2 protein chains.
Amino acid sequence: MTGHKFRRLPNHIGVIPDGNRRWAVQHGLPKEAGYEKGLSPGVMLYEMCLELGIQELTFYGFTQDNNKRPSAQREAFQKACVEAVKMLSNRDAALLVIGDYSSPLFPPELIPFAKRYTFGKGLIKVNFLVNYGWKWDLNHALHPLAPEKRSVKNIVDSIASSDISRVDLIIRWGGRRRLSGFLPVQSIYADFYVIDEFWPDFKPEHFHWALSWYETQDVTLGG
Amino acid sequence: MTGHKFRRLPNHIGVIPDGNRRWAVQHGLPKEAGYEKGLSPGVMLYEMCLELGIQELTFYGFTQDNNKRPSAQREAFQKACVEAVKMLSNRDAALLVIGDYSSPLFPPELIPFAKRYTFGKGLIKVNFLVNYGWKWDLNHALHPLAPEKRSVKNIVDSIASSDISRVDLIIRWGGRRRLSGFLPVQSIYADFYVIDEFWPDFKPEHFHWALSWYETQDVTLGG
């Protein structure tokens, strides 16, 4: 990446790191073995974003929908999320973990990150969606017991993930062309780039392709 | 299309008919001249869906964001929406127009369609988003004066577009890879197919490509 100048960069990048299980099967491993192979790509991507001066990065960890999977997989993706947050928590980053904290499926180690936690110079905001659900996120706006919400008339300010800003570019690994519940409100105007390779096969040029494509797109915000 | 058998078809198709203005410029016409060229593609697509037995079809007409454009364009896309609804209102279809009816920018001719209106055998549900806004749609769930909503805890049932079902496949013409506010709740799990050609250059094979791609995708609903 170093040396290449982008004319226009996204402020906020969303990452859907899909294909861990398909990667494992392709390598003759049990499906749950794929998740830990996603850790080092995540750190690489973080470092590339830091170097470019990207302001915010959101990783799709796991969802409430994903919890329907067999327990071996559930444990593996929970563990990978805890590891990922640990790996970034001694770097320059302002970390936030968003998801249903009230559930036993939310890893207790991550509860301190339910409020944004700044490490080092906090040069980049990094958000992890962990035990996240789009319904959980949006239904928060309807909660009759949230007194601070009672006079709120704007969905953007009253969802559970309201601390996460608008996403400019979503990059999805693993070939699927769908959002799968990723931050529906923040993704309204996001440009969507799909990499066919599985996430454990992450290569720096994937990110490069996405950014090069992104700078050819106009920004209209629906206008 | 006739003769080709699809193994698996979407129940509900969303259509983002983009590129009308770029098409007009490419043909040396004023931008607003592009919209009426989108009418006949819409009828063709409706007929193809009817023939295939698709259950529901939603067209992205115009949005509150689009209203920022010059008045000549605004008048042209309003007129095209009125024409489109008229053209389908003597066919077999159960028509619904969704958008902010309370605004003068909502074409008064379409107010009767604010409730679903069935023509002929009503073989297919056809929805038009007209003066639609994703914030308008979602904020409806927060409205303190809607007594029927007070005990509702589920966003899906309390948005303004709650009569529109989950979208399985979104096809966008005009090359852009973004949702631009199209039914954020219903599009959560939708597969997203992009056609590079502009909407006025619609060809039946575009639709064929999208359906052929769709049947190769799995359906997990996030699981």
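Every read-out reported here was derived from the displayed coordinates using simple, explicitly stated rules and does not represent laboratory data. Keep in mind that what you see is a predicted model, and the values were worked out from it rather than measured. Positions of Cβ are generated from backbone atoms using ideal geometry, with glycine treated the same way; all protein chains shown enter the neighbour counts.
Among DSSP beta bridges whose residues both lie in the stretch A:12-215, state the antiparallel percentage, nearest 5. Don't skip to the end; give the middle numbers.
Details: 3 of 29 bridges.
Roughly 10 percent of the beta bridges in the stretch A:12-215 run antiparallel, per DSSP.
D for the stretch B:12-215, whole µm²/s, Stokes-Einstein with Kirkwood Rh over alpha-carbon pairs at 20 °C and 1.002 mPa s: what number? The partial results should precede the final answer.
Values: Rh = 17.3 Å.
For these conditions, the coefficient is 124 µm²/s.
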So for each of A:128-134, A:78-84 I average, over its residues, the number of other beta carbons within 10 Å; can you give me the resulting order with the highest mean first?
A:128-134, A:78-84
Looking only at other chains, what is the average number of their beta-carbon atoms within 10 angstrom of each beta-carbon in B:187-196?
4
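For the protein assembly as shown, count all C-alpha to C-alpha pairs, find those more than 42 Å apart, and express that count as a whole percent of the total. Display every interim value, and only then the final one.
Numbers: 16112 of 99235 pairs.
Summing the P(r) of the protein assembly as shown above 42 Å gives 16 percent of all pairs.
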Ignoring everything except DSSP H segments at least 4 long, calculate the 222 nm mean residue ellipticity for chain A; use -39,500 (n - 2.57) per segment, divide by total residues, nearest 500.
-8000 deg cm²/dmol
Each residue of A:128-135 has, on average, a number of other protein chain C-beta atoms within 10 Å of its C-beta equal to 2
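With +1 on each Lys and Arg Cβ and -1 on each Asp and Glu Cβ, how big is the dipole of the stretch A:1-116 about its Cα centre, in debye rounded to the nearest 20? Provide the component values of the computation, followed by the final result.
On the way: 15 positive and 12 negative charges, 51 e Å.
That gives the stretch A:1-116 a dipole magnitude of about 240 debye.
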What order do you get for A:110-117, B:62-69 when each peptide is scored by the mean count of other beta carbon atoms within 10 Å, highest first?
B:62-69, A:110-117
Mind counting lysine pairs for me in the stretch A:1-132? Cα separation below 19 Å, and the two need to be 8 or more apart along the chain or on different chains.
9
Once phi is turned into ³J(HN,Hα) by the Karplus curve 6.51 cos²θ - 1.76 cosθ + 1.60 with θ = phi - 60°, what whole-Hz value does each residue of the stretch A:159-175 show in order, with x for glycine and proline?
6, 5, 9, 5, 7, 9, 7, 4, 8, 8, 9, 10, 10, 10, 8, x, x
Stretched fully, the stretch from residue A:6 through residue A:74 gains (0.36 nm per residue minus C-alpha distance, one decimal, in nm) 20.6 nm
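Determine, from the Cβ-Cβ distance of residue A:216 and residue B:216 and an R0 of 25 Å, the FRET efficiency 1/(1 + (r/R0)^6), rounded to the nearest 0.05.
0.35
Between residue B:111 and residue B:92, what length in nm is gained on full extension when 0.36 nm per residue of separation is reduced by their alpha carbon distance? Walk me through the numbers on the way to the answer.
Details: separation 19, 0.36 × 19 = 6.84 nm, distance 1.98 nm.
Contour length minus the Cα-Cα distance gives 4.9 nm.
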Tell me the relative contact order for the stretch B:12-215 as a rounded percent, counting alpha carbon contacts under 8 Å between residues six or more apart.
26
